[in-house]
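I have placed the structure first, in the form of structure tokens, so that the comments after it can refer back to it.
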Amino acid sequence: GYWHDDPIDVDQSDGLSDRELDALVARSTARVEYIREAEFTDPVDVSVISRADYRARQGNSTAEESFAAWNNQVWEALFVDGEDTDVQDELTGTFASSVAGFYAPGPDEIRIVTTTPDSPTIDNGTLVHELTHALQDQQGRLTTARPSDATQDADLAANGLIEGEANYVERRYAERCGDEGDC
């Protein structure tokens, strides 16, 4: 129900109400469609979770033992981490502290991570970036770009394309709309 250039009455200074969140997501969706010249086939659910809930969720992820050992060797060989460092623990801690949002392809939903879930604010760039991933997924480019038998190089190449497009759309959005989203 929103066009990319529709004005919306949203004030994030005191956090977003449900109505404001819906309006912001709807207009941002239209803006991603406009920038990408492609339409979403289905609406994308956007919800907010607390930083604590996200940390707890991250703490439950584990890497396969052989991959974890290999990955530790890679980071050690690059002189990024020491011999006794568990890279997966380090990465999980970094992500748990810095991720502002993520797209979950299975349930087709975006989760915004915030320290104030009852009165959230959303960075426009984060929302646009994650909406781009949702569009990629709906167009089949997110899942088909990652074959299950891929080598690490193939996986890194696919990730470069997936994240590269999302960063490109986010940058185009910022150029057109600025930090406040006033295009």
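Observations, loosely collected:
- Electrostatic dipole magnitude of the chain [Cβ: Lys, Arg +1; Asp, Glu -1; Cα centre; debye, to 20]: 260 debye
- The chain - mean residue ellipticity at 222 nm from DSSP helices (-39,500 (n - 2.57) per run, n ≥ 4, rounded to 500): -17000 deg cm²/dmol
- Amide H to amide H distances under 5 Å link residue 109 with 104, where only residues 5 or more positions off or on other chains count and H is placed in the peptide plane.
- The residue list 32, 80, 174 was ranked by how far each Cα lies along the charge dipole of the chain toward its positive end, using unit charges on Cβ atoms, and 32 comes out on top.
- For the chain, the carbon plus sulfur part of the accessible surface works out to 47%, probe radius 1.4 Å.
- FRET E, pair residue 174, residue 64, Förster distance 35 Å, beta-carbon r, rounded to 0.05: 0.40
- Label sites at residue 77 and residue 150, each approximated as a point 7 angstrom past Cα along Cα to Cβ, lie 2.1 nm apart.
- Under the criterion of Cα pairs below 8 Å and six or more residues apart, the relative contact order for the chain equals 26 percent.
- Annotation: amide H of residue 48 within the under-5 Å range of 112, sequence separation 5 or more or interchain, hydrogens built in the peptide plane.
- Given +1 at the Cβ of Lys and Arg, -1 at the Cβ of Asp and Glu and no other charges, the dipole of segment 83-129 around its Cα centre is 360 debye to the nearest 20.
- The region of the chain that goes longest without hitting one of the GluC sites (Glu not before Pro) in a DSSP loop, each with at most 10 other Cβ atoms within 10 Å, is 84-179.
- Computed magnitude of the charge dipole of segment 15-77 (debye, nearest 20; Cβ of K, R +1, Cβ of D, E -1): 280 debye
- Range in the chain, longest, excluding exposed chymotrypsin sites (Phe, Trp or Tyr not before Pro) [loop by DSSP; at most 15 other beta-carbon atoms within 10 Å]: 80-183
- Kyte-Doolittle at least -0.5, axis length at least 24 Å by Cα - qualifying DSSP helices, the chain: 18-36
- Across segment 1-85, Cα-Cα pairs more than 17 Å apart make up 68 percent of the total.
- Amide H contacts under 5 Å for residue 10: none, restricted to partners 5 or more places along the chain or on a different chain, H placed in the peptide plane at 1.01 Å from N.
- Full-stretch length increase - residue 38, residue 14 - with 0.36 nm per residue and alpha-carbon distance subtracted: 5.3 nm
- Rolling a 1.4 Å probe over the protein heavy atoms gives segment 13-121 an accessible area of 60 Å² per residue.
The values are calculated or read from the model by the stated rules, or taken from the named source; none is laboratory data. Remember, it's a predicted structure, so these values are computed and weren't measured experimentally. Every residue, glycine as well, gets a Cβ built from its backbone with ideal geometry; the counts of neighbours run over all protein chains shown. Please note that ligands, DNA and RNA were not included when accessible areas were found on the heavy atoms of the full protein model with its side chains. Shrake-Rupley method; radii C 1.70, N 1.55, O 1.52, S 1.80 Å.
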